[in-house]
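Student: Let me give you the structure first, and then I'll get to my questions.
The values are calculated or read from the model by the stated rules, or taken from the named source; none is laboratory data. Everything quoted here is computed from the prediction, not taken from an experiment. Don't worry about glycine lacking a Cβ; one is built from the backbone with ideal geometry, like all the others, and counts go over all protein chains shown. Quick note on the areas: whole protein, heavy atoms, side chains included, nothing else; ligands and nucleic acids left out. Shrake-Rupley method; radii C 1.70, N 1.55, O 1.52, S 1.80 Å.
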Amino acid sequence: MSDSWPALALLGLVLLAGCDGFAGLDGTTATESRTPAPVPEDSTVAPGVPATDGETTVIDADRLLAADTEHRSATGYRLNRTVTIRGTNWTTRIDRDRRVAANGTLFERVEINSSGPLSPTIGQSELWTNGSTVYVRTFDGDGTRIEQGPFPSAPGHFRQWTMLREQVLADGTYEVEPTADGAVLRSRELPTLPAALVPLSVREPRNVTARVAVTEAGLIRSLRVQYDTTVRGEPVRVTIRHRLGAVGNTSVDRPAWVS
């Protein structure tokens, strides 16, 4: 297994792109302590989301993120993430499909397709864990298997998950549009996001916009972030999409390659 670590280290640079909330296998992350102004319960459309009727407001990010984590940790769900980086004549796309069962069993697949300056040497990686054992297999861009087998713990490129939800919701201002089952939050002003949001040789994000859909219980159903940046001096557009689905109706089977 030691011969595979250089490849997995390279993979770590690619798999960090544009995702959030995977500091642990249960999908929880530590959030920075803040002291937002209290919001009366009867004036919210979701935990920490004031019912402002279209006015711009600051979200109580701690309350909303805590509610999202609480509801996801109590049930199964499926999370899809897509990062698309578009240059003039090339595109890099990273797809992540994460499935978590109610008993904590987890399966995740990452697939990378690219042309141009960000073409990776890694094409796909998969992880399965039941909470006590961890198995990983990885393929290069030509489909050749690089690694397969048990690991003492989840490799760093799976544990490290850029905290997109926290970074987008913290200290930003949003316009709140109530819906039948919660609200849609549209950014009006966002804090500066780090270049490491997509650590693939891109520069700092500019012209950032975000749209967040939440249920009245606090589940973050979808999140879309778009911004402009550059890759080796070339202007590019980055789009990150996060979709939560199959809540309470997700099972995870043991893959045939896990032995």
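Student: Looking at the stretch 150-166, which of its residues are closer than 15 Å to ALA61 by Cβ and modelled with pLDDT under 85?
Tutor: Scanning the stretch 150-166 gives MET163, LEU164.
Student: Right, next: List the residue pairs whose Cβ atoms are under 9 Å apart, where the first residue sits in the stretch 76-101 and is open to solvent by 50 Å² or more (accessible area, probe 1.4 Å), the second is among the acidic types (Asp, Glu), and the two are 6 or more positions apart or on different chains.
Tutor: ARG78/ASP97; ASN80/ASP95; ASN80/ASP97; THR88/GLU234; ARG93/GLU111; ARG99/GLU108
Student: Go through the stretch 93-151 residue by residue and tally those that are farther than 18 Å from THR250 by Cβ, among the hydroxyl-bearing types (Ser, Thr, Tyr) and part of a strand (DSSP E or B).
Tutor: Residues meeting the conditions: 4.
Student: While we're looking at this one, here's another question. Regarding the stretch 134-155, can at least one residue be identified that is under 30 Å from ALA51 (Cα atoms) and of a type in the set (Ser, Thr, Tyr)?
Tutor: Looking for residues that are under 30 Å from ALA51 (Cα atoms) and of a type in the set (Ser, Thr, Tyr), one finds none in the stretch 134-155, hence no.
Student: Could you figure out which of (1) under 17 Å from the mean Cα position of the chain (by Cα); (2) open to solvent by 30 Å² or more (accessible area, probe 1.4 Å) isn't true of GLU234?
Tutor: GLU234 satisfies every listed condition except (1).
Student: May I pose another question? Hey, can you tell me all the residues within the stretch 53-92 that are part of a helix (DSSP H, G or I) and of a type outside the set (Asp, Glu)?
Tutor: Within the stretch 53-92, ALA61, ARG63, LEU64, LEU65, ALA66, ALA67, THR69, HIS71, ARG72, SER73 meet the criteria.
Student: Name the single residue, out of those in the stretch 38-64 being at pLDDT 50 or above, surrounded by fewer than 20 Cβ atoms within 10 Å (Cβ to Cβ) and of a type in the set (A, V, I, L, M), that is farthest from SER187 (Cα to Cα).
Tutor: The extreme case among them is ALA51.
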